[in-house]
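A.B. asks: The following block contains the structure, expressed as C-alpha cells.
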Amino acid sequence: MATTDTQPLPERAQAVVIGGGLIGCSILYHLAKLGWRDVVLLERSELTSGSTWHAAANIHGLHDSTNISRLQHYTMGLYRELEAETGQGCGIFQPGSLYLAQTEAREHQLRLQAAKARYYGMNFHEVSRVEAEALHPLVDFSGVRCIMFEPQGGNVDPSGVTMAYAAGARARGARILRDCPVTATRPEADGSWTVETPRGSLRAGWVVNAAGLWAREVAAMAGLRLPLVPTEHQYFVTETIPEIAALDRRLPSVADRDGEYYLRQEGKGLLVGAYERDMRFWAEDGTPQGFGHELFPDDLERIEPNMLRAIARVPAVGRAGIKRVINGPMIWSPDSAALFGPVPELRNYFCCCGIIPGFSQSGGLGLLAAEWMVEGEPHLDMFAWDLARFGAWADAAFTRARVRDQYANRFKIHFPNEERDAGRPVRTRPAHAMQSALGGVFGLNYGWEHPLWFSAPGEPEAETHGFERQNWWAPVGREARMLRDRAGIIDISNFARYRITGRGARDWLEALLANRIPETPGRICLAPLIGRRGGIAGDLTVACLAEDDYLMVGSGMAERYHKRFFDAVPLPPGTSWQSVTDTMAGFNVAGPLARALLGPLTDADLSNAGFAFARARRIAVAGVPCIALRLSFTGDLGWELHCAEGDQMRLYAALLEAGHALGAGPVGSRALMSLRIEKGYGSWGRDYSPEYWPQETGLAPLVRLGKPFLNRDACAEVMARPAREVLRPIEIAATIADASGSEPIFDAAGRPAGRVSSGAYGYHVGASLALAYLRPEIAAGTALEVMILGRAHGARVLAAPAFDPEGRRLRL
C-alpha cells in the first residue's frame, strides 16, 4: 500500500496538471519531454484512481479518422520506448488483432482502413480464413465476409503504463504530488492561475484539467461547464480455458464489432466486454469525491445478448466459468471523442477529458497537448476533438441523450454524411417549421438544425445511411440541377457572423487577417486566418459596410474555435467585435435566374453596373432590411442576404413565392456541397486546416506578406518552402459510391499520390468529383487510383474546376 505523500507544494510552476490517471501522467511526461521541467501533477488520491486502474487497456492503431490513426500509431510505438527509457514495465502484449466483417458495410469500412494503412505505412492487412484460423483456432469464422489483421494490436497493463509515464516525467524534473486534491482554481490578471490545495497554493502558467471522472468538478472551479456524463461499463474474465493453457503463444484479440463485443486473452482465459443497449448512467449530478478504486455490483444480464454473440463466435467462452466481473465507470462526451484543447473563454486553461479508448490514444494526446501549450499549436489538426466543437447549447439533456446513443451504438459504423437524431433538436431558427413543411431533412451544425435536402412529393421523407449512394442522392441531384439551370434558395443561417465596429475596426482586421482589408464601403475581400505554424486556420469573408463598420462571415462550426485567434489580437481603443450569429439569419439566392428572382422584391439596382460582383450593400428585400453580399459558394450568379433572425420567415416566404414562378425553390447543404466541389471551392474543416500551407490550398494570392498580421512570420517561413502537396480537382470513375473525404490516392505505380479532402457527385457536369491534396509534380490528366470503399477506382487530375473555370457565371 502506498505511503501518504507529504511533499511540500512548490510556489510556482509552468503548468499544473490536475489528475493522476493515464492521461494526466502522459501530458506531464510530454510537457517535460518538450522542455518544460517546472511542471507539477496534483492527484487527489493515488495514481490510476478513477477509471484508469480497471480499464481493459486494449490497444489498436486504425481509426476512421486519419489523424486519430496517426496518434494511435504513435501511442502503440511509445510504450516500448517508455519501458526502455524508464525500466518500468508496461505489460505490453502484442499478439495482434483480428477484425471481422459480417456485413458489406463493415467490409467497406475495413477495406478503407486497410487502404489508409497502406498509404501511411501502417501494418493492417487482409488475411484468409485459413490464416485467421491458424492465428486464433478458438474462433468460428462462419458468416464472416472479410478478416483483417493488425500485428501490433493487443493490450497493456493500465498501472504499468501510468507508472512509466510518471517515472519518465520525474526523470525529466517534473513533480508528482499524491494525496493533494485541488480545492480551487483562480485566474489572475496576467493569465496565470492560482491553484489552491490543502497544502497551500501555487501560481501556474497553465492549468490542465485531466481529472477524468472528476473533470466536471474541476472545470466548475473555473466557472466552466463541460458536456460530460459517466456511465457504467462491464467486462468479464473467464476461468482458465484448457485450449489456451495448452498453447505456447498468446492469441490475438478479436474485434467483432458487428457482434457488439470485444474479446482478448487474459491470463489463460479470455476477457469479454460489451457496450450494451440497456446502458446505465452513473453519478449524473457529480462524481463522489471519495470514489477511487471501487467497482459497481455485477449486472451481467444487461450484456447477455452480447455475451451470447461472443459465445457463438468463440464457443470456448460458453464452456468456461467466469473468474471475475469488472463493472466500473467511464466518462463520455456527446460524441464519445475527447474534449481537448485550451478553453476559448479562459486564458491558459487546457482540457483533456472524456477519453474512451485511452490506452490507444494516451501518448498521442499527451504529445499534442504538450505541443499546444509549449509551441502554440499541435502539429496535427485535431478539430474533431477540439472542445470548441461544442458550445453552451450542448446542455445536460443533449449530453445525456447523445451519450446514451454513443454508448449503446459504440460499434455501429458512423457513415459519411450520417446525422443521428439523439438529443435533437437543440437550436432552431424561425423558418424551421416552414422548412419542415417543405419536406426538409435536417442535420446538426454547431447546435443548429439546418436543411440537408428537401423531399418533394414521391421522394423519401427520411434518409438512409451507408458508404454507397443513398436514397437522398436523387433528391439532392434535383436541387443541384434546379439551381444551376434556374435558381435556388439556400439557408445560410448556420454561417458564423461577426460585427466589428469602432474607429479601429479596420486596423484590428488588418492585424488579424492575412489579406488587405477593404476601406471603401461596399468592398468585400476573402481573407485567410493563419495558425501558429503558418497554416490555414480559417477563411473569412469581410465586407466593409461603412468606415468603421464591418461584417465578417465564417464557418459556423468554427465559431468558438476562431475566438482563440480573435482574442489573440488586442482591440484598438473604441473598437469591439461581437458574434451576431444567434441574432441574424440569412439566405443565398443563386443561379442564372437569381437576379430575376430578387429584382421584383427590391428597389435596389441589381445590374452589374449597380451591384457588381464582390460588393456589399444594405438593401430591402420584400421590405426586410438586409446586408446583401454579391457572392455565392455555388459559383453562380448570386447574393447572400443577411437579416435579423426575427425577419427570417418573412424573407423566406417572399423568396419562395418569387422563386416558384421561375421554377426555383429551396436547396439544402448537400446540394451546396456538390455545387462548390464542381466549382473547385475549398471548405474549412475539410479542404483547409492549420496543417495546410497557403500555397498548398490555393489561397496564397490572398496572403499579403508585406503587412503585419497574426502569425505572419510563421506564414512567411512556410511560404518560402516548396509545397508538399497541392489541392487539385479530380474526376473519378465511380458508379455506386462517391468519395467523401480521407480516401487514399495512389499513382499508376502504386505509390502514394495524395488523399481526398472532400468529394461528391457533380450533378450538373455528370461526374463523380473530389478535391484532393496531391504531390506537386502530378500534372493535369494524370491517371490515378482513388480508394473508394477501399477498392481502386480510376481517376484523372483536372486542369481546372469542372464547372465554369473562367468564372463567368459569377459575373452574369
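The values are calculated or read from the model by the stated rules, or taken from the named source; none is laboratory data. Fair warning: this is a prediction, and the values are worked out from it, not measured in the lab. Note that each Cβ is placed from the backbone with ideal geometry, even for glycine, and that neighbours are counted across all protein chains shown. Areas reflect the complete protein model, heavy atoms only, side chains present, ligands, DNA and RNA absent. Shrake-Rupley method; radii C 1.70, N 1.55, O 1.52, S 1.80 Å.
A.B. asks: Quote the convex hull volume per residue of the stretch 618-702, based on C-alpha atoms, as a whole number of Å³.
C.D. replies: 134
A.B. asks: Now a separate question. Rounded to the nearest 10 degrees, what's the angle between the helix 22-33 long axis and the longest principal axis of the chain, both from Cα atoms, 0 to 90?
C.D. replies: Its long axis makes an angle of about 80 degrees.
A.B. asks: Please state, to two decimals, what the Cα-based radius of gyration of the stretch 597-754 comes to when divided by 2.2 N^0.38 Å (N = residues).
C.D. replies: Normalised Cα radius of gyration, the stretch 597-754: 1.37.
A.B. asks: Once you charge only the Cβ atoms, +1 for Lys and Arg and -1 for Asp and Glu, what is the size of the charge dipole of the stretch 487-568 about its Cα centre, to the nearest 20 debye?
C.D. replies: That gives the stretch 487-568 a dipole magnitude of about 320 debye.
A.B. asks: Now a separate question. If each of Arg80 and Arg650 carries a label point 7 Å out from its Cα toward its Cβ, how far apart are those two points in nm?
C.D. replies: 7.0
A.B. asks: While we're looking at this one, here's another question. Binning at 10 angstrom from zero up to the longest distance, how are the C-alpha pair distances of the stretch 152-279 distributed in percent?
C.D. replies: Reading upward from the zero bin: 9, 25, 26, 20, 15, 4, 0.
A.B. asks: Accessible area per residue of the chain at 1.4 Å probe, in Å²?
C.D. replies: For the chain, the solvent-accessible area averages 36 Å² per residue.
A.B. asks: Share of the chain's accessible area from carbon and sulfur, percent, 1.4 Å?
C.D. replies: 51
A.B. asks: Then there's this: Under a plain spin-label model, where a point goes 7 Å from the Cα along Cα-to-Cβ, how far apart in nm are Ala462 and Asp507?
C.D. replies: Label at Ala462, label at Asp507, 5.7 nm between them.
A.B. asks: Nearest 10 degrees, 0 to 90: what angle lies between the long axis of helix 473-485 and the longest principal axis of the chain (Cα atoms)?
C.D. replies: The two axes meet at around 30 degrees.
A.B. asks: Could you tell me the accessible area of Leu228 in Å² (1.4 Å probe, neighbours in place), rounded to the nearest ten?
C.D. replies: Answer for Leu228: close to 10 Å² accessible.
A.B. asks: In a solvent-free Debye calculation with one equal scatterer on each Cα, what is log10 I(q)/I(0) for the stretch 274-422 at q = 0.09, 0.11, 0.15 Å⁻¹, listed in the order of the q values?
C.D. replies: -0.39, -0.57, -0.99
A.B. asks: Taking 1 over the mean of 1/r across every pair of different Cα atoms in the stretch 40-155, what Kirkwood radius in Å do you get?
C.D. replies: For the stretch 40-155, inverting the mean 1/r across all distinct Cα pairs yields 16.1 Å.
A.B. asks: If the reach is capped at under 19 angstrom between alpha carbons, list the lysines near Lys563, excluding any in the same chain fewer than eight residues apart.
C.D. replies: Those lysines meeting the cut-off do not exist here.
A.B. asks: Measure nothing fancy, just the Cα-based angle from helix 158-171's long axis to the longest principal axis of the chain, in degrees from 0 to 90, nearest 10.
C.D. replies: For 158-171 against the chain, the angle is about 80 degrees.
A.B. asks: Also, quick follow-up: Report ³J(HN,Hα) in whole Hz for each residue of the stretch 558-567, in order, from the Karplus equation J = 6.51 cos²θ - 1.76 cosθ + 1.60 where θ = phi - 60°; Gly and Pro get x.
C.D. replies: Result, ordered by residue: 9, 4, 6, 4, 5, 4, 4, 6, 4, 6 Hz.
A.B. asks: Charges at C-beta only: +1 for Lys and Arg, -1 for Asp and Glu. How large is the resulting dipole of the stretch 704-758 about its Cα centre, in Debye rounded to 20?
C.D. replies: 360
A.B. asks: For Glu131 and Lys563, FRET efficiency with R0 = 45 Å and r from the beta-carbon atoms, rounded to 0.05?
C.D. replies: 0.30
A.B. asks: Here is a follow-up. Starting at the first residue of the stretch 345-355, write each ³J(HN,Hα) from the Karplus equation 6.51 cos²θ - 1.76 cosθ + 1.60 with θ = phi - 60°, in whole Hz, x for Gly and Pro.
C.D. replies: 7, 10, 8, 6, 10, 10, 10, 8, 9, x, 8
A.B. asks: Once Rh for the stretch 30-92 is found with the Kirkwood sum over Cα pairs, what is the Stokes-Einstein diffusion coefficient at 4 °C and 1.567 mPa s, in µm²/s?
C.D. replies: 91
A.B. asks: Remind me, what semi-axes does the stretch 555-652 give for its equivalent ellipsoid, largest first in whole Å, using sqrt of 5 times each Cα gyration tensor eigenvalue?
C.D. replies: Semi-axes (√(5λ), whole Å): 28, 15, 14.
A.B. asks: Let's see if you can work this out: charge +1 on each Lys and Arg Cβ, -1 on each Asp and Glu Cβ, no other charges. What is the dipole magnitude of the chain about its Cα centre, in debye to the nearest 20?
C.D. replies: That gives the chain a dipole magnitude of about 1280 debye.
A.B. asks: Could you tell me the center-to-center distance, by alpha carbons, between the stretch 158-207 and the stretch 599-649 in angstrom?
C.D. replies: Computed from Cα coordinates, the inter-centre distance equals 55 Å.
A.B. asks: Show that you can apply the helix-only estimate: for the chain, add -39,500 (n - 2.57) for every DSSP H stretch of four or more residues, divide by all residues, and state [θ] at 222 nm to the nearest 500.
C.D. replies: Calculated at 222 nm, the ellipticity per residue is -7500 deg cm²/dmol.
A.B. asks: Can you give the Rg to Rh ratio for the stretch 302-375, taking only C-alpha atoms and Rh from Kirkwood?
C.D. replies: Radius of gyration relative to Kirkwood radius: 1.20.
A.B. asks: Can you give the extra length, in nm with one decimal, that the chain gains between Arg481 and Thr583 once fully stretched, where that is 0.36 nm per residue apart less the Cα-Cα distance?
C.D. replies: Gain in length upon complete extension: 33.5 nm.
A.B. asks: Can I ask one more? Express as a percent, rounded to the nearest 5, the fraction of DSSP beta bridges in the chain (both residues included) that run antiparallel.
C.D. replies: For the chain, the DSSP antiparallel bridge percentage is about 85.
A.B. asks: Next question. What ³J(HN,Hα) values, in whole Hz, does the Karplus curve 6.51 cos²θ - 1.76 cosθ + 1.60 give for the stretch 396-411 when θ = phi - 60°, with x put for Gly and Pro?
C.D. replies: In residue order, the calculated couplings are 5, 5, 4, 4, 4, 5, 5, 5, 4, 5, 5, 5, 5, 10, 3, 9 Hz.
A.B. asks: Also, I was wondering about something else. For the stretch 468-516, take N as its residue count and report Rg(C-alpha) divided by 2.2 N^0.38 Å.
C.D. replies: Against the compact-globule rule of thumb, the ratio is 2.00.
A.B. asks: Let me ask something additional. Please pull out the direction-averaged projected area of the chain, using the convex hull of its alpha-carbon atoms, in nm² to one decimal place.
C.D. replies: 34.2
A.B. asks: log₁₀ I(q)/I(0) of the stretch 138-213 at q = 0.15, 0.24, 0.28 Å⁻¹, via Debye over equal Cα point scatterers, no solvent, to two decimals?
C.D. replies: Values, matching the q order: -0.75, -1.24, -1.33.
A.B. asks: Computed over the Cα atoms of the stretch 680-800, what is the ratio Rg over Rh, Rh following Kirkwood?
C.D. replies: 1.02
A.B. asks: Can I ask one more? Treating cross-link reach as a plain straight distance, find the aspartates and glutamates whose alpha-carbon is under 17 Å from the alpha-carbon of Lys268, omitting any fewer than eight places away in the same chain.
C.D. replies: Straight-distance partners of Lys268: Asp157, Glu239, Glu243, Asp248.
A.B. asks: Suppose R0 equals 25 Å; then what is the FRET efficiency for Glu11 and Arg170 from their Cβ-Cβ distance, rounded to the nearest 0.05?
C.D. replies: The computed FRET efficiency comes out at 0.80.
A.B. asks: Taking 0.36 nm per residue of sequence separation and subtracting the Cα-Cα distance, how much length would be gained by fully extending the chain between Val374 and Thr520, in nm to one decimal?
C.D. replies: 48.5 nm is the gain from fully extending Val374 to Thr520.
A.B. asks: Provide the convex hull volume over Cα atoms per residue for the stretch 186-225, in Å³.
C.D. replies: About 73 Å³ per residue, rounded to a whole number.
A.B. asks: Considering amide H positions built from the backbone, and no H for Pro or chain starts, which residues 5 or more places from Tyr692, or on another chain, come under 5 Å of its amide H?
C.D. replies: Result for Tyr692 returns Ile536.
A.B. asks: What share of Cα pairs, in percent, lie more than 21 angstrom apart in the stretch 201-358?
C.D. replies: The answer is 55 percent, as a whole percent.
A.B. asks: Shifting gears a bit: Kirkwood Rh, Cα Rg: Rg to Rh for the stretch 452-611?
C.D. replies: Expressed as Rg/Rh, it is 1.05.
A.B. asks: In the stretch 265-341, what is the volume of the convex hull around the alpha carbon atoms, normalised per residue and reported in Å³?
C.D. replies: Each residue corresponds to 163 Å³ of Cα convex hull volume.
A.B. asks: Please report Rg (one decimal) and Dmax (integer) in Å for the Cα set of the stretch 342-423.
C.D. replies: Spelled out, the Cα radius of gyration and Dmax of the stretch 342-423 are 14.7, 39 Å.
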